[in-house]
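Below is one structure; the comments refer to it alone.
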Amino acid sequence: MRRHLVLLATTALASASLFAAPSYSQEQVNLTWQMWGDEKDNALFGSLAALVTEQYPNITVTPQFSGWTDYWTRLPVLASSGQIADIVAMQSMRMPTFYGILEPLDPYFEKEGFDVNLYESSIMEGLSHGETQYALPYDVGPWVVYYNIDRFEEAGIPTPAPDWTFDDFRDAAIKLTGDGKYGYATQAFDFIAGPVALGAEYLNDADEFDAANPGYVEAVGKYVDLVNVDKTSPVFASGSGAITGSGRFATGEAAMYIDGPWVLVQTKDSVDFKIGVAPLPRGDGTSRFITAGSGWGVAATSKHKDEAFKALAVLTGPKAAEILATAGRALPGRLDAQKFWYDEAAKDVVGAREALTYAFEHSTKFRLNEKYNDFENLITQYMPLALQGDSTTEAVLTDIQNQLPF
């Protein structure tokens, strides 16, 4: 109930902000910038904030960091109490829940002649709601398969083609399993991104959850069988301190796992073997991949919206994107800066440029609604029942569907 009240309140704030008439001034303005992170991020994001002042001497930007979980817990509280920062970090997968706390940006695009085509279209769509844009991206990425090249070569498995099939993926996982090692390490989100790549949908035409439809059940079942039948992966655990897919991959216990480009630098620095990147396997049809990412928007309650938009344009501009890409922090949502990430962060990773280029060329809308985070949490909580053989895939997905709030 509290969540619905927050949504109603923040939506009202966004609607009211549409009638605010911007008026630029040269008075000194001090903006706050709310972001997830920790102390080690101060230097990097401080350098981006300095770019704003360099271009607009009357504007200063002060980053404010909090941990990932704490960020999303505090965000609605800060919004409802009017203490939210002027510039707000937003993840695309949470946009349906939090768009109401952000200022619509389209009027500013029109006034400033701002070119939205400079950004990857899939993440621009992800940071919008309906036909309205609420944030500009700083990073973007599809989910991909990370694989251990050394293990592939030892097993005589060819490098995955961009359009490899689920059967190719399964065959590789089976051949790579044995002697106490696994071919694959499953994680909760695999049961969302993986089935979509196989052509399945978890929402109906009205964008309401339909998680027990036959197509989605079949696609999820393919990934379940990799664990429960083929024994190519251990069951994922979601509790605190649980070993993740990335952890099993880093130790060499698993030869493949699924994640996004946002972990590429961390992943390659944590292993002592060659790694490669491939797109998710496709089904019988053409390849298709969902993408996600994060960006920054202007708070609907900010007293300095015009200056905040000016700052936002710099923070997602070419120089800022180059700094983030070169540091390996993000595959930029800004198209003209992606080359820096490929040339620096991903230069030693086989197939990274090819796999991601192919994935962007075959991207599909990441379909979300205001219940999405509940859905993902339920997948994490209940999918192990199917992986362990304690329930069927269909029964688990039916139970999840029945628990989704209305």
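The values are calculated or read from the model by the stated rules, or taken from the named source; none is laboratory data. Since we're looking at a predicted model, the values are computed, not measured. Glycine also receives a Cβ, built like all others from the backbone with ideal geometry; neighbour counts cover every protein chain displayed. SASA here: full protein model, heavy atoms, side chains in, ligands and nucleic acids out. Shrake-Rupley method; radii C 1.70, N 1.55, O 1.52, S 1.80 Å.
Applying 1/(1 + (r/R0)^6) with R0 = 41 Å to the Cβ-Cβ distance of D171 and K111 gives a FRET efficiency near 0.15. Given in Å, the Rg to one decimal and the Dmax to the nearest whole number for the Cα atoms of segment 27-139 are 14.5, 37. Between E125 and S47, the simple label model (points 7 Å from Cα in the Cβ direction) yields a spacing of 3.4 nm. Give the carbon-plus-sulfur fraction of the accessible surface of the chain in %, rounded to a whole number; probe 1.4 Å, heavy atoms of protein chains only. Taking all protein chains in place, the chain shows 50 percent carbon and sulfur surface. Label zone of A237 (point 7 Å out along Cα→Cβ, amide N under 17 Å): in segment 167-202 this covers 182, 185-188. Between A308, A206, A155, the residue with the greatest mean-square fluctuation in the GNM of the chain (Cα pairs under 10 Å linked by springs) is A206. Students often forget the sequence filter, so: which lysines lie under 24 Å Cα-Cα from K111 once same-chain residues fewer than 8 apart are removed? By straight Cα distance, K111 reaches K303, K305, K310, K319.
Dividing the Cα radius of gyration of segment 122-263 by 2.2 N^0.38 Å, with N the residue count, gives 1.16. Which log10 I(q)/I(0) values does segment 124-175 give at q = 0.21, 0.22, 0.27 Å⁻¹ under the Debye formula, counting every alpha carbon as one identical point scatterer? So the normalised log intensities work out to -0.77, -0.81, -1.10. Note on segment 290-406: Rg/Rh from C-alpha atoms, Kirkwood Rh, equals 1.12. Sorting the segments 223-231, 256-264 by their residues' average number of neighbouring beta-carbon atoms within 10 angstrom, most packed first, yields 256-264, 223-231.
Here nothing in the chain passes the span test, since no DSSP H helix has an alpha carbon length of 24 Å or more along the helix axis and a Kyte-Doolittle mean of 0.5 or above.
Grab the beta carbon distance between N30 and L335, set R0 = 30 Å, and tell me the FRET efficiency rounded to 0.05. Taking R0 as 30 Å, the efficiency between N30 and L335 is 0.40.
Remark: for residue pairs K40/K339; K274/K347; K339/K365; K175/K231; K181/K268; K274/K365, the C-alpha separation exceeds 22 Å in K40/K339; K339/K365; K274/K365. Distance from the alpha carbon centroid of segment 330-406 to that of segment 266-296 works out to 9 angstrom. Each 5 Å bin from zero up to the one holding the largest Cα-Cα distance in segment 156-202 carries the following percent of pairs: 5, 17, 24, 25, 18, 8, 2, 0. Using the Cβ-Cβ distance between S270 and N58 with R0 set to 60 Å, the FRET efficiency from 1/(1 + (r/R0)^6) comes to roughly 0.85. Its relative contact order, with pairs defined as Cα atoms under 8 Å and 6+ residues apart, puts the chain at 24 percent. What the chain shows is 43 Å² of accessible area per residue, with the surface traced by a 1.4 Å probe over protein heavy atoms.
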